[in-house]
Protein chains: 2
Amino acid sequence: MATHIAANDSSPIVDAEKIKNACKGLGTDEAALISILAHRNVTERKLVRVAYEQIYHEDLIQQLKSELSGSFQRGICNWTMDPAERDAAFINEALKKETLDFKVIVEIACTRTSEEFLAVKRSYQFLYKHCLEEDVASKTNGDVRRLLVAVVSTYRYEGDEFDESLAHLEANILHQLIENKAFNDDEIVRILCTRSKKQLFATFTTFRNTYGTTITKGLSSDSSDEYMVTLRTTIRCIKNPRRYLAKVLCYALNDLVAEEHELSRVIITRAEKDLNEISDLYFKRNGITLQNSVAKKTSGNYKTFLLALLGNNWV
Amino acid sequence: MATHIAANDSSPIVDAEKIKNACKGLGTDEAALISILAHRNVTERKLVRVAYEQIYHEDLIQQLKSELSGSFQRGICNWTMDPAERDAAFINEALKKETLDFKVIVEIACTRTSEEFLAVKRSYQFLYKHCLEEDVASKTNGDVRRLLVAVVSTYRYEGDEFDESLAHLEANILHQLIENKAFNDDEIVRILCTRSKKQLFATFTTFRNTYGTTITKGLSSDSSDEYMVTLRTTIRCIKNPRRYLAKVLCYALNDLVAEEHELSRVIITRAEKDLNEISDLYFKRNGITLQNSVAKKTSGNYKTFLLALLGNNWV
C-alpha cells in the first residue's frame, strides 16, 4: 500500500502557474512547491510537467534544479521525474561513481517488475544514447561483471507458475555450491538471473526447509568483496524486496551523512507502491515509526517533503 | 525490399470461409490455401486467423496442421503465425533438438531489431511459461552458455550514434584477443553482445581498415567447435545479416534433405522485409536466381507456396 496521499482534484495548468509563482523573484516559496508536488500522483506530476513546458517553454525539473539546493532539491526533482527516467538516472549515477554503487543497480533491477525495468532500459537509452547493459558491462569486470550484467539483462518471466521439482533440483545445486564456497560459479548466476521470481521463491523456500538455514546465511558477509555484496543484494532483493528496502532505510537513518541518497530514493520510489508495508517492517525492526525516525533525523523543507510522501497530509 | 505481393483488397471473413471450404471433405484444396494465405500480408493474415477463430471456434494454425503435412504444412503454418510467435517457436524448437541449434537462436536474436526481439521474448513467455533466457541458459553450459545467453539477453541500443574512438579501442581489443586465440575471453562477449549494431559496424570497419583483414578471418572455422560456431554466427549476423541469410539459403538449397527448415525459415521470415536484397546477394554468389534454385530443388505445393512468397504473383 502506498503512503502517499494525492489531491485528486488538481488542474495541471493551475499547478504549473502556482509553481511558477513560487519560483518568481529572489526567494523561492518551498512550502508552496511541497504543497503542490508532494500531493500529486505519478500521472498528475507528469501532466504538471507537460503543462509547465507548454506554458513556460522550460523543463520543470530544470526550473526546480535552478531554484533549490541540497537534499530537498534532489528529492523533489527525483519525485517529479517519470519513475522509469528516475530509475535510469539512479543507475547512471551509480555507474559514474568512483566506486560503482552495485547495490543501487541491483535494487532497481530486482525490485521492479520486468515491464517496469524494461521501461527503465528504454529511458536509459533515450537519455544516455547507450544501452544500460553496455554501460554496466563496460564499467565492471570479472565476476562482478558476469553477475551484474546478468542481473540487468534478463527479461524475467512474471507468471505465477513454478516447478516444484526444479525448485528442489536448483536448491540442491545452490546448497552444494555455497557449501563449497563456489560463490562465483556460473550456475549460481544462471539460477538467480534467469529464473522467474516465483520459481526462485520456491527454490529459496525449499532450500530453507531442506537445509534448515536460509540461503543468505552461508554467504560471506565481507563488505569489501564486491562480488559477494552484489550476490547478497541480488538474493535479498528477490527474496524479500520490502525487507531489503526497510533495511536500507535503517542504515540510511542511522548514518544520514553517508546514506542520504538511500533514504530519499527508497521513500520516493516506494511512496506510491508499498511504503506502508516497508514502514511496518521498519517499525518491527526498530520500535520506532519510519515517520518519527525521518522527523528526528531530517529538517527543514526536506523533512516536510519526506513526511508528506510518508502520508502527512498537507504538512 | 520485400518479395512478397499482397492482395490489398481482401476480406478476412471471406478468406476464412474460403479456407474452411478448401479444408472440407476428404481432400484439401492446397492451391486455394496458397492463393489466399501466400498473398496476404502480416496484418491481413492476423485478421484472417482472428476471423477464422470467431466463425469456426478453431485455431487456423491447428486446422492447417491437421489438414496438411510435410514441408508444405510446416511452411504455411509458420507463414500464418504472428512473426514474434513464429520466431519464439523456432527458438523453442532449436532448444529442444538433441544437438541444440545455436545458429537459429543467434540468427533470430541478431537479425531482428531490439523491439522485434523483445516481442519474440514476450511471445516465448506467453507460449512456454518460461523466459527465453532461462531456457537458453538451462540447456547450455560453459563458454557457449556465456555467449548465447548474452546474445539473447541484451536489449541493444538502436540509435545511429557511434563513438569513433571507442570503435578503435574495441577493434584493438578484439584484434589482440583473436591474435592470441583467446576467443572465449569475456571482453569479446561483452563487446559483441552489449554494443549497438551501429557501434559494432564502426568497430568491424576499423578492424578491417587497421589490420587489413576482416574480423571473421582470424576465427577458427572448426564446425565441430560449438563455441566457435556460435561466435562466428553472431559476428556474421551483426555484420551483414543479408549476406549471412543468403549463405544460409545457399547451404539449404545445396542440401535440402538436411537443411530444409533453413530454406523455408529464411524465405518466410524475410519475404515481407528484405528478401529482394538477399536474393540479389544469392544471385551474385551463385549465378542463378533464388527463384530458379527454389523451382529446381522443390516440388508440388511446397514449391508453389515458396515461389509465391518469392514474388510469383498468383501462382
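Helical runs (DSSP H, four residues minimum) scored at -39500 (n - 2.57) apiece and divided by the length of chain A put the mean residue ellipticity at 222 nm at -22000 deg cm²/dmol. With R₀ fixed at 25 Å, the C-beta to C-beta distance from A:VAL257 to A:SER223 puts the FRET efficiency at about 0.90.
Look at the alpha carbon pairs under 8 Å that are at least 6 residues apart: their mean separation over the length of segment A:247-315 gives a relative contact order of 27 percent. Across the identical copies, the label point of B:GLN176 (7 Å from Cα in the Cβ direction) is separated from its matches by 3.8 nm, in order from shortest. Round to a whole angstrom and tell me the spacing of the C-alpha centers of segment A:1-42 and segment B:197-223. Taking the Cα centre of each part, segment A:1-42 and segment B:197-223 sit 55 Å apart. Counting from the shortest, the label point at A:GLY300, 7 Å from Cα toward Cβ, is 8.2 nm from the same position in each remaining copy.
For B:LYS46 and A:LYS296, a Förster radius of 45 Å and the Cβ-Cβ distance give a FRET efficiency of 0.15, rounded to the nearest 0.05.
When the accessible areas of A alone and B alone are added and the area of the pair subtracted, with a 1.4 Å probe, the result is around 2500 Å², both sides summed. Within segment B:11-73, the trypsin sites (Lys or Arg not before Pro) that combine a DSSP coil assignment with at most 16 other C-beta atoms in a 10 angstrom radius are B:LYS24.
Only protein heavy atoms count here; on that basis, with a 1.4 Å probe, B:PHE204 has an accessible area of about 10 Å². Under the criterion of Cα pairs below 8 Å and six or more residues apart, the relative contact order for chain A equals 22 percent. Computed from Cα atoms, the angle from the helix B:12-23 axis to the main principal axis of chain B rounds to 80 degrees. Of all segments of chain A bounded by GluC sites (Glu not before Pro) found in a DSSP loop with no more than 11 other C-beta atoms within 10 Å, the longest spans A:162-315.
About its Cα centre, chain A has a charge dipole of approximately 540 debye under the convention of +1 per Lys or Arg Cβ and -1 per Asp or Glu Cβ, with nothing else charged. Ordered from highest to lowest accessible area with the whole protein assembly present and a 1.4 Å probe, A:LEU281, B:LEU200 read as A:LEU281, B:LEU200.
The residue among A:GLY159, A:SER123, A:ALA109 whose Cα reaches farthest toward the positive pole of the charge dipole of segment A:91-195, with charges on the beta-carbon of Lys, Arg, Asp and Glu, is A:SER123. The value of relative contact order for segment A:164-239, using C-alpha pairs under 8 Å at least six residues apart, is 33 percent. Distance from the alpha carbon centroid of segment B:126-167 to that of segment B:54-72 works out to 33 angstrom.
Ranked by solvent-accessible area (1.4 Å probe, protein heavy atoms only, all chains present), the residues A:SER11, A:SER299 order from largest to smallest as A:SER299, A:SER11. Solvent-accessible area of A:LYS198, all protein chains in place: 80 Å² (probe radius 1.4 Å, heavy atoms, ligands and nucleic acids excluded). Label-to-label distance for A:ARG285 and A:THR214 is 1.0 nm, based on points extended 7 Å past Cα in the beta-carbon direction.
To the nearest 10, the accessible area of B:HIS261 is 70 Å² with a 1.4 Å probe. Residues considered: A:ILE173, A:ILE267, A:ILE36. Largest GNM mean-square fluctuation over chain A, using C-alpha springs under 10 Å, is found at A:ILE173.
Could you give, in nm with one decimal, how far A:ASP59 is from each other copy of that position, shortest first, with labels 7 Å out from Cα toward Cβ? Here A:ASP59 shows inter-copy label distances of 4.6 nm.
Which positions within segment A:123-138 get 30 Å² or more of their accessible surface covered by the other protein chains, compared to the chain by itself, with a 1.4 angstrom probe? SASA drop of 30 Å² or more in segment A:123-138: A:GLN125, A:LYS129, A:CYS131, A:GLU133, A:GLU134, A:SER138. Could you list the chymotrypsin sites (Phe, Trp or Tyr not before Pro) in segment B:224-310 that lie in coil according to DSSP, counting only those with at most 15 other Cβ atoms within 10 Å of their Cβ? Those that pass, being in a loop and sparsely packed, number zero.
Chain B residue nearest the rotation axis toward A, with distance: B:SER153, 2 (Cβ to axis, whole Å). A 1.4 Å probe over all protein chains sorts B:LEU256, B:LEU310 by accessible area into B:LEU256, B:LEU310, starting with the largest.
On a 0 to 90 degree scale, rounded to 10, what angle separates helix B:197-211 from the longest Cα axis of chain B? Roughly 50 degrees between the two axes. With a simple spin-label model that places each label point 7 Å from the Cα along the Cα-to-Cβ direction, the separation between B:GLU115 and A:ASN184 comes to 4.0 nm.
The values are calculated or read from the model by the stated rules, or taken from the named source; none is laboratory data. Small disclaimer: the values here were computed from a predicted structure and weren't measured. Note that each Cβ is placed from the backbone with ideal geometry, even for glycine, and that neighbours are counted across all protein chains shown. Quick note on the areas: whole protein, heavy atoms, side chains included, nothing else; ligands and nucleic acids left out. Shrake-Rupley method; radii C 1.70, N 1.55, O 1.52, S 1.80 Å.
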